[in-house]
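Novice: So that we are looking at the same thing, I have put the structure below in structure tokens.
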Amino acid sequence: MNGGFEYYIDRCMESIERIGKENQDVAAREMFEKEIGEEFEDFCENKDFMILMLRENIIAENEEINKY
């Protein structure tokens, strides 16, 4: 399960970096809005995975994930 969690977090971070590079000339607030919008869409697309993570309490019990 750790691999799935790491993949999801890495994907989110890549998305935020991509938005930052594509919108360097945009005001900070607008860039933040775009980042939040992207994260929300990604969360909605992967809600089953997020529910699994919460139900299994994987995050709280796994030290390796907490360090990540």
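Derivation of every value follows stated rules applied to the coordinates shown; laboratory data play no part. Everything quoted here is computed from the prediction, not taken from an experiment. Note that each Cβ is placed from the backbone with ideal geometry, even for glycine, and that neighbours are counted across all protein chains shown.
Novice: Which residues in region 26-56 have a backbone N closer than 20 Å to a point placed 7 Å from the Cα of E6 along the Cα-to-Cβ line?
Specialist: What the label zone holds, given the 20 Å backbone N cut-off, is 49-50, 53-54.
Novice: Turning to a different aspect of this structure: So what are the ³J(HN,Hα) numbers for region 32-46, from phi and the Karplus equation (6.51, -1.76, 1.60; θ = phi - 60°), rounded to whole Hz, Gly and Pro as x?
Specialist: 4, 4, 5, 5, 5, x, 5, 5, 5, 4, 5, 4, 5, 5, 10
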